[in-house]
Each structure stands twice: as C-alpha cells, then as structure tokens.
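Asker: Below are the structure tokens for one structure; questions will follow.
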Amino acid sequence: MGLFDRIARVMKANINDLVNKAEDPEKILEQSIIDMQEDLVQLRQAVATAIATQKRTQKQHEQALMEANTWQQRAQLALQKGDENLAREALVRKKSHAETAETLKVQLDTQGGQVETLKRNLIALESKISEAKTKKNMLKARAQAAKAQEQLQSTIGSLNTGSAMAAFDRMEEKVLQMEARSQAAAELAGSGLEQQFAMLEAGNDVDDELEQMKRQLSGGSVNQGQLPASGETSSPKKAVTGLDELEELRRQLDQP
C-alpha cells in the first residue's frame with residue numbers, strides 16, 4: 001500500500017468521523033423530509049410532462065388515422081372517376097399516413113406504460129413521505145429523550161456518587177451500632193433493678209418466716225394450717241429441734 005493511499009484513507013476516516021459527530025438526528029430528519037418533498041415535486045412534474053406527451057401523441061395518432069382515411073376516400077373517388085394515376089397517388093398518401101399512425105400507436109403504448117409507472121412511483125413516494133412525517137415526530141421525540149437521558153447519566157457520572165454512597169453506608173452502620181448499644185444498656189439496667197427487687201422480696205420472706213417462728217415459740221396463736229394433726233402431740237425432742245434451728249438461722253443472719 002502506497003503512502004498516498006494510506007494518507008487518503010486516514011483523511012476519509014477522519015472526515016467520516018467528523019460528519020458522524022456533526023450529524024444531528026433532528027436536523028437530518030427535517031432535511032430528509034425536505035429532500036423527499038423536492039423529489040416529489042420533480043416526480044409530479046415528470047408525470048405531468050409524460051401525460052402531456054401522451055395526449056399529444058394521442059392527438060397525432062388520431063390525426064394520422066383521419067388523414068389515412070381521407071386519402072383512402074380520395075383514392076376511391078379518383079378511381080370512380082377513371083383517374084387511376086390520381087387514385088394511385090392518393091393511395092401513396094394514405095399509406096404514408098397509415099404508417100405514421102402505426103408508429104404513433106407504438107409510441108402511445110410505450111408512453112402509456114411509462115405514465116402508469118410514474119403514477120405508481122408518485123403514489124408510493126407520497127405514501128413514504130406521509131409515513132416519514134409520522135415517524136419523524138416519533139424519532140425526534142426519541143432523540144430528545146435519548147439526549148436527556150445521556151445528559152442525566154453524564155451529570156450523575158460527574159458526581160462522586162461512589163464515595164458519597166460509601167459514607168452513607170458507614171453512617172447507617174454507625175447508627176445501627178449506637179442503637180444496639182443503647183438497647184443493651186437499657187436491658188442491663190432493667191435486669192439490675194429486677195435483681196434488686198428480687199433480693200428485697202427474698203429478704204422479706206425470711207423476716208416473715210422468722211417472725212412466725214418466734215410467735216410459735218412464745219405460745220402465740222398458731223395458724224390452723226400449721227397445727228399438728230389430731231391425736232399427735234408435740235414431743236420435747238421436737239421443741240429442742242426447733243430451738244436449734246432458730247439459733248442456726250440467727251447465726252446465719254448475724255454473719256456478714
């Protein structure tokens with residue numbers, strides 16, 4: 001590959017890249033519609049010209065047929081009058097007009113096919129332009145939405161969202177830890193109070209039991225539920241045992 005070929009290829013690539021970057025979809029869509037409408041105008045002019053030519057050829061064909069028919073009648077008249085030379089001349093003219101009419105007939109058929117083709121192309125182009133106008137509005141809206149989305153993504157990308165989200169996650173974790181410590185402290189405080197009240201309640205039970213035992217030993221009233229069963233009497237041994245138990249309880253209470 002020669003140096004000039006490589007330079008030409010690089011230049012073409014750069015130019016194509018510049019053109020692609022410079023292309024605005026909305027402007028290109030508008031220009032495309034304008035170009036198609038200009039083509040439509042030219043096609044309409046071509047159809048009108050073809051139809052005019054066809055009509056002119058049609059008239060020429062009809063005129064040639066009329067001339068051929070006229071010279072046919074003149075030939076017959078000359079022959080009836082006994083003038084064969086004049087009749088022969090009339091037939092020569094008739095033949096010439098007939099050949100012209102035949103040639104015009106061929107042209108007329110060709111022009112008719114061309115006019116029909118141009119008409120179909122005209123209808124197809126009009127349909128494409130109508131469809132293109134509808135799509136143009138939709139594509140322009142999509143292009144605008146794509147631009148807005150691209151700008152939004154560019155704006156979001158320019159923000160340092162990664163570090164911001166990391167800081168947010170750290171603060172969320174810190175708040176969770178603070179809440180956990182607060183809940184643990186509350187639970188510990190509650191359990192301490194419950195333990196203190198439980199100890200107080202236990203102490204009251206011991207005092208109540210001690211007071212009851214004192215009343216029993218001093219001969220005070222005794223609860224019927226605690227009296228011995230009928231037929232049983234308290235033995236001295238049992239009383240001594242009760243005094244020993246009382247002294248043991250006193251010693252336990254006096255110990256620090």
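Asker: Please determine, by comparing only the residues of the range 143-180 that are of a type in the set (S, T, N, Q) and more than 19 Å from the chain's Cα centre (by Cα), which one is modelled with the highest pLDDT. Walk me through it before giving the result.
Answerer: So the first thing to find is which residues in the range 143-180 are of a type in the set (S, T, N, Q), and the list is 144, 149, 151, 153-155, 158, 160-161, 163, 177.
The next check asks that each one be more than 19 Å from the chain's Cα centre (by Cα); those that pass are 155, 158, 160-161, 163, 177.
Numbers: Thr155: 69, Ser158: 65, Asn160: 59, Thr161: 58, Ser163: 68, Gln177: 87.
Out of the qualifying residues, it is Gln177.
Asker: Test of understanding: among Lys128, Lys140, which residue is at pLDDT 80 or above and assigned to a helix (DSSP H, G or I)? Reasoning before the result, please.
Answerer: On the way: Lys140 fails: at pLDDT 80 or above.
Among Lys128, Lys140, only Lys128 is at pLDDT 80 or above and assigned to a helix (DSSP H, G or I).
The values are calculated or read from the model by the stated rules, or taken from the named source; none is laboratory data. It should be emphasised that the depicted structure is a prediction, and the values quoted were computed from it without experimental measurement.
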